[in-house]
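Down below is the structure, laid out as structure tokens.
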Amino acid sequence: MAKAKAKAKAVALVWVCAFVDVCVALSWSSLGLGGGLGSKLVAKGLPAPTDIQERSIPRIASGEDVLLSAATGTGKTLAYAAVPVAQSRPTIVIAPTQFLCEQIRQVVFELTEDAPTADESSERARRSDLFLEVLRGAPRCAVVTPKDILFALERRAEEDAAREPSTTTTTERTPTETTPSLSRPLPSQENASSLCLILDEADALLRPLGKYASEGAKKLRRRFPPPGVRVVEAVIALAGKNDTQLVAASATVGRPLKRLLERLISRPVHVVRSTRADAGTTAASATEERRPIKAPAAIDAHYLAPFLETKKKNSKSNCPSYYALEAVEAALRATSPRRCLVVLARPEDDLKRTLFVLRRYGFDARALFDDADDSADDSAATLGSFRQDSADKKCLFVAPLHLLRGIDVPKLDLVLILGRPRTPDDYLHAVGRAGRVGHRGLAVTLAPYADVRVLDSWSTQLDLHFDKVDNPPDLPPISL
């Protein structure tokens, strides 16, 4: 009798679990996704959509041009990638760095189960071929950088010149004609769907000018637009504005970015904001234009520690000063983090030299190098191994701030920023590497005494409080 009751309870539990899975899959399907994709998301440990996904997926599925605004680590990548994958539409995702492209590719390939070959994910020629194939209407997803698109357009211009040498004439280009081969659109496949053009980290790609920019800066920007603006204009011109759906995403969204997107697509762009408190904001603050997105709530404290900077302004060395690196060592010894990310706020800082000095101090440090650097080939593998390391293993990762936009580094205990970021938005993206997916973390900023007052003035704009300490060794140890 007891065995029969136990068996009946087990069968009932199985049926309840199956019913819950079906209901969750239906919740994904109610957003416009297919049931098969919803079940796949549940199997991958995503039982229900996040707030930004609930708000944005139906709008993207209906074909609207949208701008997603949500805190870091809230699932914006899945929000904009799920709909084109479910609808089998030609999709082009543009991201500012190759490392972010690799991360987005992993999300897309997990949804489609169409893993690329080793060459397709590493060679620029293969990426450019896939980009041109998608432009012609192939129902695939191309994740590229602006450099990849410019390379593809240059290749296409060279191929056109080689095919028709007699009809090509040399004409003088104007400064605004910065993108090659836009006079003739690409031949489209029959019954091709409209193109879904996605801009991840759109503010970093397009770099819109603020409302207080001078007339000289605006005139210079109109004459020499950023590479991101050039490639977006090129893609929209090749695909056609009426056949292109524009989707942009970022954690730092303002009116200048919205106006620039509307100018590029010549249509209104709807801003979709996440309003849940666990996404880093509240419904009341979401209506404020000043700071709709804040630092992740999972960051327990923001510490600010000054150090003495004696480096001369006209010094030719790009390496952080001895006192700056000594402050980094003292902060790491005091906090004793298991998994730490050291962010170089100034782009001119020498990453190789910084890595060398930290290793001399006895830290097992690894670094993320730029695409143009000789050491960039191993950076993707280094980032992948850092993600796969056990949470109990002590890891130290060093990277410049401009390469960390959108990068997911799980289970970070500490984000240590060396120097003052250029803007409050840059600080927000730096500390956003911690406090992801419910993991707690700390943020420490080491800055010269001259920058402490500037950083402290950001507390009102960022809606956070900086806990100031007199010296880096006075930082409290991490107890997570």
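Here are the numbers:
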| item | result |
| --- | --- |
| Inter-centroid distance (Cα atoms) of the stretch 441-480 relative to the stretch 53-81, Å | 33 |
| Order by protection proxy (mean Cβ within 10 Å, highest first), peptides 234-241, 219-226, 94-101 | 94-101, 234-241, 219-226 |
| Förster radius 30 Å - calculated FRET efficiency between Ala297 and Arg422, Cβ distance, rounded to 0.05 | 0.75 |
| Cα-projected label distance for Ala125 with Glu326, points at 7 Å along beta-carbon direction, nm | 5.3 |
| Leu414 long-range amide H proximity, modeled H, under 5 Å | Arg339, Leu341, Leu442 |
| The stretch 391-480, accessible surface, carbon-and-sulfur percent (1.4 angstrom probe) | 50 |
| For the stretch 191-258, size of Cβ-based charge dipole, Lys and Arg +1, Asp and Glu -1, in debye | 480 |
| FRET efficiency, 1/(1 + (r/R0)^6) with R0 35 Å, evaluated for Asp408 and Ala237 via beta carbons | 0.60 |
| Long-range amide H partners of Thr445 with built H, under 5 Å | Tyr303, Leu304, Ala305, Ile417 |
| Which of His302, His270 is most accessible, then next, and so on - probe 1.4 Å | His270, His302 |
| Accessible-area composition of the stretch 46-106, carbon plus sulfur, in percent [1.4 Å probe] | 51 |
| Segments 345-354, 71-80 sorted - mean Cβ within 10 Å per residue, highest first | 71-80, 345-354 |
| Among Pro337, Tyr323, Leu355 the positive-end extreme of the charge dipole of the stretch 322-361 (Cβ point charges) | Pro337 |
| FRET efficiency for Glu215 and Leu308, using Cβ-Cβ distance with R0 set to 41 Å, rounded to 0.05 | 0.50 |
| P(r) tail fraction, the stretch 319-372 - alpha-carbon pairs more than 15 Å apart, % | 46 |
| Gain in span if fully extended, His270 to Arg440, counting 0.36 nm per residue against the direct Cα distance | 57.9 nm |
| Distance (nanometres) between label positions extended 7 Å along Cα→Cβ at Phe356 and Glu159 | 4.4 |
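The values are calculated or read from the model by the stated rules, or taken from the named source; none is laboratory data. Being a predicted model, the structure only gives us computed values, none of them experimental. When we count neighbours, we look across all protein chains shown, and the Cβ atoms used for this are built from the backbone with ideal geometry, even at glycine. The accessibility values were calculated without ligands, DNA or RNA, using every heavy atom of the protein model including side chains. Shrake-Rupley method; radii C 1.70, N 1.55, O 1.52, S 1.80 Å.
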